[in-house]
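Trainee: One structure is given below, represented as structure tokens, and several questions about it will come after.
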Amino acid sequence: MEEDSSTDASDPVFGNNILIIHPGSYWIRIGRATDAYPVSVPHVVARKPKQNCDVKYEDKLIRSMTSQTNSNNQKQHALKMVQQAIWAKKTSSGQRRQSVALTQVINHNDEVKPQPLDENSGLTWTPTDDQSDCFIGEEALYLDPNEGYHIHWPIRQGRFNIHSGIGGSITAVLQDMETIWSKVIETKLDIPVKDLKSYKVILLIPDIYHRPHVKELMNLLLIRLGFGSAIVHQESVCALYGSGIPSACVVDVGDQKTSVSCVEDGLSNRNSRLCMGYGGGDVTRCFTSLLQRAHMPYRECQMEKTMDALLLVELKETFCHLDQDLDGIQLLDFHVRNPNSSTIMYQLKLGDKTLQAPMGLFYPQLFGIVGEKMVKTQQRNQGDSEDIHDENYLLQTQQQAAKAKALEKAGAENNSNVEGATNTHRNTSPTNHHTEVIPTEAPPPTISRRISTSQSLDKPLGIDQAILHSIDCCSSEETKKKMYSCILVVGGGLGLFQGAVDMLQYRIQSKMPPSFRAVVDKVEVICKSKDMDPRLTVWKGGAVLSCLDTAQELWIKQKEWKSMGLKVLRERSPFVW
């Protein structure tokens with residue numbers, strides 16, 4: 001009998017044959033479980049359009065918001081709230097933060113002139129002489145816009161980027177991911193795709209997942225890419241594995257989404273999961289708007305251009321902070337580099353703008369997002385024909401059993417009443433009639449909270465409000481106390497800002513219910529567990545998972561997936577499917 005290469009007993013558990021894949025809206029992180037760090041590549045692909053296609057499609061690196069009256073009014077109101085919040089929180093010396101007049105900043109920035117430095121920035125456009133049909137990662141970002149390639153980011157806000165434009169079908173999105181992942185594996189990890197049958201893979205997915213998409217991703221890994229076996233696990237649980245913490249409220253701030261989930265003993269509490277439709281990319285867009293109000297000297301900057309968008313991301317990561325002690329006017333320098341052009345230096349004065357932009361994570365109205373559902377929760381399973389014995393089947397069985405029992409009981413009561421009426425008829429006048437007994441309907445079965453329809457949250461929540469809501473959804477007071485005692489922040493959208501720990505800690509302590517202030521010794525916020533880059537914590541947790549003895553029972557082999565499909569995923573899933 002042919003031996004399955006994916007289950008070869010000679011393969012060591014801690015060997016090089018396990019890959020960890022963590023796909024995100026901006027980055028795709030892939031590496032061997034034995035690697036210290038993953039390969040991080042922008043999760044983007046550029047495709048050459050067909051000859052008869054005159055329309056160019058491009059997903060922007062920073063999403064733009066339509067300038068609407070409601071949006072502008074919302075941003076203005078939120079900015080006032082942010083300014084009040086900044087003033088209310090005192091510095092470490094006990095003083096109020098000194099505000100900076102906008103006119104001071106504008107007067108200086110209006111007089112700044114560009115200063116050319118090097119004749120050549122050292123950057124070049126991606127060469128297209130070999131007539132390649134597609135490019136991925138940085139090569140895709142550094143394509144000359146005049147080349148006319150379609151630019152696709154397959155994941156937006158943690159979900160498939162499905163839209164009505166070119167390349168917006170689920171088939172096209174999966175093809176884009178297959179192209180990106182296979183090229184990264186071949187070029188960065190030096191693993192030929194044809195050899196993946198000898199490799200295992202752990203895929204990390206958001207806590208709030210869309211089941212049909214997870215199914216497609218499993219098909220991508222085990223059928224199209226041909227991995228020998230796979231495990232799917234949630235980001236929040238792996239964040240705890242990566243940080244070595246047993247229980248925590250996990251806050252994952254990515255580029256386009258922010259998710260919150262309470263995790264205890266390796267399980268994410270379904271009722272505590274929240275996903276907000278904003279992230280680090282929205283902080284960049286907000287900072288850009290504030291820079292324009294301050295008359296940024298680089299007036300040619302356009303957020304829609306990829307090179308300028310990359311510059312704005314760099315400026316946000318370099319200058320923005322959440323440290324109350326950094327007040328007053330800041331004199332900053334930055335360099336503008338474009339391919340095949342000279343490097344230009346600008347001098348820039350800023351006041352509170354560097355603090356106001358990341359404060360939008362606590363006041364999301366500042367991002368001006370209108371017409372979108374800002375908060376999502378886990379939705380009920382809609383069922384799949386591949387898995388007929390899922391929770392819907394169990395629910396229907398429960399309903400049918402309860403109905404049959406009720407009808408049986410009603411029938412017995414009916415027979416009893418009929419017999420009683422017959423006896424009465426024999427002993428009384430013929431005018432007496434028995435009362436008809438109508439069977440009662442079966443009482444509705446009790447549906448567990450795990451499969452009940454998720455509640456809807458219509459108003460946008462800041463990160464601090466989302467944490468409080470998530471913890472409040474935990475079932476026991478002891479669990480809530482644990483969650484308040486340890487809040488783990490991962491991802492690059494918040495934890496990299498100076499002062500993020502103190503700011504989040506301050507806001508949680510000031511808003512948490514009074515009943516917990518007396519019993520929680522300290523609200524501990526962890527952004528860099530084990531001095532690790534918070535952007536890599538989740539991926540590292542996937543590597544730790546691959547080494548656990550308990551994980552060896554979770555592997556789904558390629559042959560099992562082909563024969564059983566979703567059924568085997570439900571049975572082996574380390575989380576409640």
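Trainee: For Glu58, what accessible surface area do you get with a 1.4 Å probe? Give it in Å², rounded to 10.
Mentor: Around 60 Å² of this residue is reachable by solvent.
Trainee: What are the principal axis extents of the Cα atoms in the range 224-311, in Å, biggest first?
Mentor: Taking the Cα atoms of the range 224-311, the three principal extents are 52, 35, 23 Å.
Trainee: Provide Rg and Dmax in Å for the range 126-181, with only Cα atoms included in the calculation.
Mentor: So, for the range 126-181, Rg and Dmax equal 11.9, 34 Å respectively.
Trainee: Work out, step by step, the length gained on full extension between Lys481 and Ser563: first 0.36 nm times the residue separation, then minus their alpha carbon distance; give nm to one decimal. Please report the intermediate quantities before stating the final value.
Mentor: Numbers: separation 82, 0.36 × 82 = 29.52 nm, distance 4.48 nm.
Contour length minus Cα-Cα distance gives 25.0 nm.
Trainee: Apply the Debye scattering formula to the range 155-282, with a single equal point scatterer on each alpha-carbon and no solvent, then give log10 I(q)/I(0) at q = 0.16 Å⁻¹.
Mentor: Normalising to I(0) and taking log10 leaves -0.94.
Trainee: If one computes the Cα centroid of the range 56-88 and of the range 471-514, what distance in Å separates the two points?
Mentor: Comparing the Cα centres of the range 56-88 and the range 471-514, I get a distance of 25 Å.
Trainee: Could you pull the accessible area for Asp549 with a 1.4 Å probe, rounded to 10 Å²?
Mentor: 130
Trainee: About its Cα centre, how strong a charge dipole does the range 127-236 have in debye, to the nearest 20, once Lys and Arg get +1 and Asp and Glu get -1 at the Cβ? Provide the component values of the computation, followed by the final result.
Mentor: Numbers: 10 positive and 15 negative charges, 157 e Å.
The dipole of the range 127-236 has a size of about 760 debye.
Trainee: Now for a different question. Defining a contact as two alpha carbons under 8 Å apart and six or more residues distant in sequence, what relative contact order in percent does the range 248-361 show? Could you put the intermediate results ahead of the total?
Mentor: Numbers: 151 pairs, mean separation 24.8, N = 114.
Computed value for the range 248-361: 22 percent relative contact order.
Trainee: Another question, then. Top to bottom by accessible area (1.4 Å), largest first, where do Lys562, Lys56 land? Don't skip to the answer; put the middle values down first.
Mentor: Numbers: Lys562 135, Lys56 85 Å².
Reading off the accessible areas and sorting them downward yields Lys562, Lys56.
Trainee: For Lys90 and Ile223, FRET efficiency with R0 = 56 Å and r from the beta-carbon atoms, rounded to 0.05? Show your work: numbers first, answer last.
Mentor: Values: r = 59 Å, r/R0 = 1.05.
FRET efficiency, Ile223 to Lys90: 0.45.
Trainee: Using the Karplus curve 6.51 cos²θ - 1.76 cosθ + 1.60 with θ = phi - 60°, what ³J(HN,Hα) values do you get for each residue of the range 93-107, in whole Hz, with x for Gly and Pro?
Mentor: Values, residue by residue: 8, x, 9, 6, 5, 7, 7, 10, 5, 5, 5, 4, 5, 4, 4 Hz.
Trainee: Taking all protein chains as present, what is the carbon and sulfur share of the accessible area of the range 157-260, in % to the nearest whole number, probe 1.4 Å?
Mentor: Values: 1650 of 3140 Å².
C and S fraction of accessible area: 53 percent.
Trainee: Right, here's the next one. Which whole-Hz couplings ³J(HN,Hα) result when phi for each residue of the range 561-576 is put into the Karplus expression 6.51 cos²θ - 1.76 cosθ + 1.60, θ = phi - 60°, listed in order with x for Gly and Pro?
Mentor: Along the range 561-576, the couplings run 5, 5, 8, 10, x, 4, 4, 5, 5, 5, 6, 9, 4, x, 10, 5 Hz.
Trainee: Would the range 81-177 count as rounded, prolate or oblate if I go by the C-alpha gyration tensor, calling it rounded below 1.5 in a/c and otherwise prolate when a/b exceeds b/c, oblate otherwise?
Mentor: Numbers: a/c = 3.48, a/b = 1.63, b/c = 2.13.
Verdict is oblate for the range 81-177.
Trainee: If you don't mind, another one. Based on the Cβ-Cβ distance of Glu571 and Ser198, what FRET efficiency does E = 1/(1 + (r/R0)^6) give at R0 = 25 Å, to the nearest 0.05? Working shown, then result.
Mentor: On the way: r = 25 Å, r/R0 = 0.99.
Efficiency, from the Cβ-Cβ distance: 0.50.
Trainee: Mind checking which lysines have their C-alpha under 21 Å from Lys459, skipping anything on the same chain fewer than 8 residues away?
Mentor: Qualifying lysines at Cα under 21 Å: Lys75, Lys80, Lys257, Lys373, Lys376, Lys511.
Trainee: Quick one: with all protein chains in place, what share of the accessible area of the range 64-115 is carbon or sulfur, to the nearest percent (1.4 Å probe)? Provide the component values of the computation, followed by the final result.
Mentor: Values: 1590 of 3560 Å².
Answer for the range 64-115 is 45 percent, counting heavy atoms of protein chains only.
Trainee: Under 4 °C and 1.567 mPa s, how fast does the range 485-577 diffuse according to Stokes-Einstein, given a Kirkwood radius computed over C-alpha pairs? Answer in µm²/s, whole number.
Mentor: Numbers: Rh = 16.6 Å.
Approximately 78 µm²/s, per Stokes-Einstein.
Trainee: Over the range 67-152, average the accessible area per residue using a 1.4 Å probe and give it in Å², no decimals. Before the final figure, lay out the partial values.
Mentor: On the way: 5570 Å² over 86 residues.
Per-residue value: 65 Å².
Trainee: Once the range 191-233 is represented by equal point scatterers at the alpha-carbon sites, with solvent omitted, what log10 I(q)/I(0) does the Debye formula produce at q = 0.20, 0.23, 0.31 Å⁻¹?
Mentor: The computed values of log10 I(q)/I(0) come out as -0.60, -0.74, -1.09.
Trainee: If you don't mind, another one. Points 7 angstrom from Cα along the Cβ direction at His163 and Asp502: gap in nanometres?
Mentor: Result for the modelled spin labels: 4.0 nm.
Trainee: With just the Cα atoms of the range 282-342, tell me how far they stretch along each of the three principal axes, in Å, largest first.
Mentor: 40, 24, 19 Å, listed from the longest principal axis down.
Trainee: Just to confirm, what accessible area per residue do you get for the range 183-323 at 1.4 Å probe, in whole Å²?
Mentor: On the way: 4180 Å² over 141 residues.
Heavy-atom SASA per residue in the range 183-323 reads 30 Å².
Trainee: Compute from the Cα atoms of the range 28-144 the Rg and the Dmax, the latter being the longest Cα-Cα distance, and quote both in angstrom.
Mentor: For the range 28-144, the Cα-based Rg and Dmax read 23.3, 67 Å.
Trainee: Now for a different question. Cα extents of the range 246-357 along the three principal axes, largest first, in whole Å?
Mentor: Cα extents, longest axis first: 54, 36, 23 Å.
Trainee: On to the next question. Check Tyr26: other-chain or 5+ apart residues with amide H under 5 Å from its amide H, H built from backbone geometry?
Mentor: When sequence neighbours closer than 5 places are left aside, the close amide H contacts are Asp255.
The values are calculated or read from the model by the stated rules, or taken from the named source; none is laboratory data. Model, not experiment: these values are computed from the prediction. All Cβ positions, glycine included, derive from the backbone under ideal geometry; neighbour counts span all protein chains shown. Heavy atoms of the whole protein, side chains included, go into the accessibility calculation; ligands, DNA and RNA do not. Shrake-Rupley method; radii C 1.70, N 1.55, O 1.52, S 1.80 Å.
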